[in-house]
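Read through the structure below, which is laid out as structure tokens, and then see the notes.
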Amino acid sequence: MPGKETLLLRNIFTPGRNEIVKFAAGELLKYFQRMSIRDLQIKVITRGSYDMKEKGCIWVGLYDEFGIQGLSDDYSEFDDEITIDVKNGSGLVAGVNPRSVLLAAYRFLYEAGCRWVRPGSEGEYIPKVDILKTHCKLQEAPSYRHRAITIEGAVSVENVVDMIDWAPKVGFSGYFIQFREGYTFFDRWYSHRNNPTKAPEEFSVGKAREHTRRIEEEVHRRGMLYHAIGHGWTCEALGIPGLGWDPVKKDWPPEITGYLAEVNGVRAMWYDVPINTSLCFSNPVVRELVVTCIADYIAAHPNIDLLHFWLDDGFNNKCECENCQKQLPSDFYIQMLNELDELLARRGLKTKIVFLAYADLLWAPQVERIKNPERFVLMFAPISRSYREPLVAKDPALAPPPYVRNRLKLPSNPDENLAFLRQWQAIFPGDSFIFEYYFMNPGTYVCDPDGVYMARLVSQDVRNLKHLGLNGLVSCQMQRVFFPTGLGMTALGRALWDDQLDFDALTVDYFASAFGEDGARAREYLEALSGLQDRVRLGEREVMVAPAALKGALETIDYFAPIIDKNLSLAEPCHTRSWYYLMLHARIMRLFLNMLSARADGQDAQAVDLWAELKRFVQENEDALQPVFDVYEFVDRYDKGGST
Ligand SMILES: [Zn+2]
């Protein structure tokens, strides 16, 4: 006989045999067992169909299985909607598709008090509750369709798996692996580039492929939308692997160079980087090579939901030959999109194609038009935008500057960026999202000492996407960006789900969940630190140059040190880990501020030494920082003149 505190009821039932739904039910079970104040002897039971008579349990499944009417009749396979109707620990947790069921399960757990403040088990705050008393009733669709994270930075396969596990817990629905196997991102980590204190591990393209397969499994296990590739088609089409941005020095034969863009009278690789090299797109043979390469890849990879077809990753490198001069690069791009669509249709392939407005392609086509908008999704990537102000148009009538081949300047202000978007929207009526870089640059988050500024900007921008006619955001970013906190990433996921979310309330909740009792003090500390810096220079290496501000920041860190110390061994592992990261952050900030002080005093040689000391500190402590802080990117950025 079970003891009086044992509870045998509240089993979790799934009416179908969908593996993603079963995974969702398993997640509910896992967290119920950790949350319950009682000994919870429950299990997941699969039934052939929904049985209303089975009460005192939680049913997890699809709208169709429960006969739930959706908020809209017009959902694509990319859309989500959830319904939760649980009273006293029994009822329904449902979604319009399997991915939505998982999102519903996490949402129910969130309402019951669970928080995931960063990826990994020590990022979970799971409260003790009485499952018998849990109530939740809601029916919701997210504010935006596209809510995905893109691989960048330096990563281990575990970093990515942890990120994918974390993402749907805060509302994300997709993951994007750039290039065929994400080789360059893994290689940076396993070769320990930028960290001589770690011995390089053996790494190969084959290993990167294995990691990519593993990641794909994790994406599919959750029913998440899988985005793939992006750049690289322009070299893969010529048989040259597009592994990353490393130069490949080689004497290329004329059968290759003949297809490359002619710039200043020469057809050659662009600074020896195949992926950055543009092609002679007016040449129909070139277009056919590219389009066939993509169609073959799609045929061999039916698991891809959104295939990104971008051109080269160069800028002002476009072909100047007589025929290419006749049209804009985007006109040739549209020709290829139409040719690809026709080829895919002939082969019966329905994969959606994401095309890109970026760099030279910000200038919309003058002649060509997309024939089958249903096939395509427009991705607007304002990579040169400033993060000092929100992406809002002050002058909605502004027109983009004229296209001057290979003499272009990319705009930083929102108005000019949005002028390009409007031009594309005028010729393309289909689905679209923004590609954003909030967490791409270490300078914009490590040296925005609290991360609160960026998190606030993210939630403001997301709220505005609707007014820009964009249906979501895919974040191009380092994966290890949860240092000192994961507020920014949490705000991004939550705001894409609910763009009316109260940012201040989210912040208060985040700090309480991440840091426990002294959470509000941690928040005040980071905000005080941030208040001392010159916001205008956010993201630039001159950040915090005012000597008085530097001194004030150092004093703030000294003042707060005892509070960090007293929180370093709390009972809750999630809280302890947050304080531990804050302790490491304080040490890094001290070194960083000392370096900037030396520079502000004109002590350049000393600044160089202090940068070396800071670099050594992050390198030597990389094992401790690894899941939350990208040492490779930090060193890469500040080594390029960061200390002088
Ligand atoms: Zn040409």
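Odds and ends about this structure:
- Peptides ranked, highest mean first, by Cβ atoms within 10 Å: ranges 410-416, 77-83: 77-83, 410-416
- Solvent-accessible surface of the range 18-153, averaged per residue with a 1.4 angstrom probe and all protein chains in place: 41 square angstrom.
- Kirkwood Rh in Å, taken over the chain so that all alpha-carbon pairs contribute: 26.3 Å
- Of all lysines in the structure, those lying under 26 Å Cα to Cα from K615, and not within fewer than 8 positions of it along the same chain, are K198, K551, K640.
- Each peptide in 214-222, 377-385 receives the mean, over its residues, of other Cβ atoms within 10 Å, and ordering these scores from highest gives 377-385, 214-222.
- Accessible area per residue for the range 337-412, computed on protein heavy atoms with a 1.4 Å probe, is 47 Å².
- Dividing the summed -39500 (n - 2.57) terms of all DSSP H runs of n ≥ 4 by the residue count of the chain sets its mean residue ellipticity at 222 nm at -12500 deg cm²/dmol.
- Centre-to-centre separation between the Cα atoms of the range 250-275 and those of the range 547-595: 51 Å.
- Gap separating the Cα centres of the range 51-77 and the range 199-220, nearest whole Å: 37 Å
- Restricting attention to the chain, close to 30% of DSSP beta bridges with both partner residues there are antiparallel.
- Accessible-area composition of the range 241-325, carbon plus sulfur, in percent [1.4 Å probe]: 53 percent
- Dipole size of the chain about its Cα centre, with +1 on Lys/Arg Cβ and -1 on Asp/Glu Cβ: approximately 920 debye, rounded to the nearest 20.
- With K and R counted +1 and D and E -1, the other residues having a Cβ less than 11 Å from that of L408 yield a net charge of +3.
- Phi angles across the range 260-277 convert, under the Karplus curve 6.51 cos²θ - 1.76 cosθ + 1.60 with θ = phi - 60°, into 3J(HN,Hα) values of 7, 5, 8, 10, 6, x, 10, 9, 8, 5, 7, 6, 6, 9, x, 5, 8, 8 Hz, Gly and Pro given as x.
- Within the same chain, aspartates and glutamates fewer than 8 places from K250 are excluded, and of the rest, those with a Cα less than 15 Å from its Cα are D272.
- Applying the Karplus relation 6.51 cos²θ - 1.76 cosθ + 1.60 with θ = phi - 60° to the range 470-485 yields 3J(HN,Hα) values of 10, 9, x, 8, 10, 9, 8, 7, 4, 8, 8, 10, 10, 10, x, 9 Hz, where x marks Gly and Pro.
- Relative contact order (%) - criterion: Cα under 8 Å, at least six apart; region: the range 424-521: 30 percent
- Residues L349 and N264, FRET efficiency given R0 of 41 Å [Cβ-Cβ distance, rounded to 0.05]: 0.55
- Of the peptides 626-635, 518-527, 135-144, the ranking by mean beta-carbon count within 10 Å, highest at the top, reads 626-635, 518-527, 135-144.
- Whether the range 405-501 is rounded, prolate or oblate, judged on the alpha carbon gyration tensor where a/c under 1.5 counts as rounded: oblate
- Within straight-line reach of K371, meaning a Cα separation under 24 Å, sit the following lysines at least 8 residues removed in sequence or on another chain: K326, K350, K352.
- Label-to-label distance, S49 versus D296, with points set 7 angstrom from Cα along the beta-carbon direction: 4.9 nm.
- Centre separation in Å (Cα based) which lies between the range 464-489 and the range 376-425: 19 Å
- Reduced Cα scattering model of the range 1-133, Debye log10 I(q)/I(0), q = 0.11, 0.16, 0.19, 0.23 Å⁻¹: -0.38, -0.80, -1.08, -1.44
- Cα-based shape type of the range 166-283, given that a ≥ b ≥ c are square roots of the gyration tensor eigenvalues and the cut on a/c is 1.5: oblate
- For the residue pairs K30/K87; K87/K128; K87/K466, alpha carbon separations beyond 26 Å are given by K87/K466.
The values are calculated or read from the model by the stated rules, or taken from the named source; none is laboratory data. Owing to the predicted nature of the structure, the values given are computational and were not obtained by experimental measurement. Glycine gets a Cβ as well: all are built from the backbone with ideal geometry, and neighbour counts include every protein chain shown. Just the protein is used for accessible areas: all its heavy atoms, side chains included, with ligands, DNA and RNA removed. Shrake-Rupley method; radii C 1.70, N 1.55, O 1.52, S 1.80 Å.
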